[in-house]
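Chemist: Handing you a structure now.
The values are calculated or read from the model by the stated rules, or taken from the named source; none is laboratory data. Computed from a predicted structure; not experimentally measured. Don't worry about glycine lacking a Cβ; one is built from the backbone with ideal geometry, like all the others, and counts go over all protein chains shown.
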Amino acid sequence: MLEVTVTDERTEFIEAQRRMLDRFGVEARSRFVEVPSIGGRAHVLESGEGLPVVLVNGIGTPGAMWAPLMAQLDGFRLLVVDLPAYGLTDTTPRIARDLRSSAVRFLDEVLDALALYRPLFVASSLGSLWVSWLALDRPERVAALVHVGCPAMALGTSAPLPMRLLSIRPLGRLLTRLQPPSKKQVEGLSKMVREYPLPPELVDLLVATERLPGFRETFLATLHALLPRPIGPGGCPRIRPRSAPPRGAVPRAAAGSPAARRVPDRRRLAAPWRGPPGWSPRPSRPRWWPVPGR
């Protein structure tokens with residue numbers, strides 16, 4: 001039996017997570033699985049029955065952000081994974097030293113612990129980048145990959161200026177000390193991305209996530225790894241071709257990508273969405289499209 005350490009921060013997060021799931025009428029249970037690469041446990045929310053679908057969220061946000069979409073996906077066994085430090089999943093200082101290798105090992109070990117060989121994936125932002133790397137390096141583990149929005153760093157995309165500033169190590173540490181987690185800080189972020197106002201349950205969830213042990217260090221280290229030269233004439237540099245995510249990041253652009261060609265029996269999902277997952281209370285009903293070019 002796994003032992004889970006309970007702290008005030010974790011208790012705050014668990015309560016905020018429950019309120020977020022309740023807001024959208026999602027019944028889910030928590031599971032903790034051993035993940036050797038992080039020297040700890042990964043947290044997974046499990047809901048529903050049917051074909052297994054693994055959902056992976058973006059940087060700095062927990063799996064419970066998927067609650068609005070979870071409420072729409074009937075007939076599936078949903079397994080929502082918290083990435084390291086973003087929720088109840090443990091983290092390690094080594095996570096960002098080789099981010100691609102760490103991402104692939106983490107997801108590979110989570111699938112093993114859940115006894116899933118080749119599930120469907122739904123992912124967003126950093127989660128999309130991680131699962132894209134898994135599809136490239138372990139194509140036999142990914143039955144299909146759905147991008148909700150654009151994968152992080154895809155097709156030469158960058159990050160908002162505040163994130164690029166935070167990726168500078170001394171400046172990032174200073175800025176996060178000057179503006180600690182609070183409702184005001186989260187509301188400021190939502191205004192920056194034009195998603196204001198947020199549901200109060202989501203505000204509480206994001207604040208509780210940022211207060212978790214290990215969040216700040218992992219968040220800043222990941223930004224530093226993804227954005228090695230955040231400011232300059234050319235902006236954020238493109239990811240090298242060997243580590244680039246598939247072109248499935250952009251609607252109807254996935255057919256010819258290396259990752260798409262390597263995923264067996266691949267299919268695409270078009271899911272129109274306003275903002276990151278969890279920020280839109282009424283996601284459009286998804287539609288499946290075949291991917292040509294087999």
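Chemist: Do we find a residue being under 12 Å from Ser37 (Cβ atoms) and free of Cβ contacts under 8 Å to residues at least 60 places away in the same chain anywhere in region 115-126?
Modeler: No - not one qualifying residue is present in region 115-126.
Chemist: Restricting attention to region 22-54, which residues are within 16 Å of Pro84 (Cα to Cα) and either among the charged types (D, E, K, R) or without any contact (Cβ under 8 Å) to a residue 12 or more places away in the chain (or both)?
Modeler: Answer for region 22-54, where residues must be within 16 Å of Pro84 (Cα to Cα) and either among the charged types (D, E, K, R) or without any contact (Cβ under 8 Å) to a residue 12 or more places away in the chain (or both): Arg31, Glu34, Arg41.
Chemist: In this structure, is Gly63 closer than 18 Å to Ser128 by Cα and in contact with a strand residue (DSSP E or B) (Cβ under 7 Å, 6 or more places away or on another chain)?
Modeler: Judged against the criteria, Gly63 is a match.
Chemist: Step by step: first the residues of region 148-163, then only those that are surrounded by 18 or more Cβ atoms within 10 Å (Cβ to Cβ) and part of a helix (DSSP H, G or I), then the one that is modelled with the highest pLDDT. Which residue is that?
Modeler: So, considering only residues that are surrounded by 18 or more Cβ atoms within 10 Å (Cβ to Cβ) and part of a helix (DSSP H, G or I), the one modelled with the highest pLDDT is Met163.
Condition check ((1) touching a Gly at 6+ places or on another chain (Cβ under 7 Å); (2) buried (at least 21 other Cβ atoms within 10 Å of the Cβ); (3) modelled with pLDDT of 80 or more; (4) at positive phi) across all residues:
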residue: Val131; (1), (2), (3), (4): no, yes, yes, no
residue: Leu174; (1), (2), (3), (4): no, no, no, no
residue: Arg177; (1), (2), (3), (4): no, no, no, no
residue: Pro197; (1), (2), (3), (4): no, no, yes, no
